[in-house]
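Undergrad: Okay, handing you the structure first.
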Amino acid sequence: MPERTVTVASKVGLHARPAALVAKTAAAQSVEVTIAKDGGTPVAASSVLNLMTLGVAHGDTVVIAAEGDGAEAAVDAVADVVAQDLDG
């Protein structure tokens, strides 16, 4: 199962606008993508509510994972969004 550890770049963490952009990217993938606060329980990355309940702040690390055909590309796509400053 491909997975990637990423540091959250947005100043507000995964809240509001950044969470919506991450969820939109995850929902567009051909496989289900999960995200977990480092050491926490994974949740579906395609759900804004799930992302906001993780309590991820700026500088926290998250683990993004997926399984199945296209999982590597899906993980990379979501990880790239999380690693950007999405506050603007």
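Undergrad: Output the residue which, of all residues in the range 32-47 that are touching a helix residue (DSSP H, G or I) at 6+ places or on another chain (Cβ under 8 Å) and surrounded by 18 or more Cβ atoms within 10 Å (Cβ to Cβ), is nearest to residue 77 (Cα to Cα).
TA: This residue is 33.
Undergrad: Of all the residues that make up the range 46-62, how many are under 19 Å from residue 11 (Cα atoms) and outside any helix (DSSP H, G or I)?
TA: Going through the range 46-62 one residue at a time, the tally reaches 9.
Undergrad: Any chance you could count how many residues in the range 57-88 are modelled with pLDDT under 95 and open to solvent by less than 30 Å² (accessible area, probe 1.4 Å)?
TA: The total comes to 1.
Undergrad: Out of everything in the range 5-19 that is over 10 Å from the mean Cα position of the chain (by Cα) and open to solvent by less than 50 Å² (accessible area, probe 1.4 Å), what residue ends up being farthest from residue 85 (Cα to Cα)?
TA: Restricting to residues being over 10 Å from the mean Cα position of the chain (by Cα) and open to solvent by less than 50 Å² (accessible area, probe 1.4 Å), the top hit is 13.
Undergrad: Looking only at the range 63-73, decide whether some residue is assigned to a strand (DSSP E or B) and out of contact with any helix residue (DSSP H, G or I) (no Cβ under 6 Å at 6 or more places or on another chain). Walk me through it before giving the result.
TA: From the range 63-73, those assigned to a strand (DSSP E or B) are 63-66; that's our starting set.
Going one step further and asking which of them are out of contact with any helix residue (DSSP H, G or I) (no Cβ under 6 Å at 6 or more places or on another chain), we end up with 63, 65.
So far as the range 63-73 goes, yes, one or more of its residues are assigned to a strand (DSSP E or B) and out of contact with any helix residue (DSSP H, G or I) (no Cβ under 6 Å at 6 or more places or on another chain).
Undergrad: Right, another one. Examine the range 10-20 for a residue that is at pLDDT 95 or above and in a strand (DSSP E or B), and state whether such a residue exists.
TA: No; the residues of the range 10-20 include none that is at pLDDT 95 or above and in a strand (DSSP E or B).
Undergrad: Within the set of pairs 6+ apart or on separate chains, which have a first residue in the range 34-62 that is without any contact (Cβ under 8 Å) to a residue 12 or more places away in the chain, a second that is in a loop (DSSP other than H, G, I, E, B), and C-beta atoms under 7 Å apart?
TA: Going by the 7 Å Cβ cut-off, the qualifying pairs are 43/54.
The values are calculated or read from the model by the stated rules, or taken from the named source; none is laboratory data. Please read all numbers here as calculations on a predicted model, not as lab measurements. Positions of Cβ are generated from backbone atoms using ideal geometry, with glycine treated the same way; all protein chains shown enter the neighbour counts. These area figures cover heavy atoms from the full protein model, side chains too; ligands, DNA and RNA do not enter into them. Shrake-Rupley method; radii C 1.70, N 1.55, O 1.52, S 1.80 Å.
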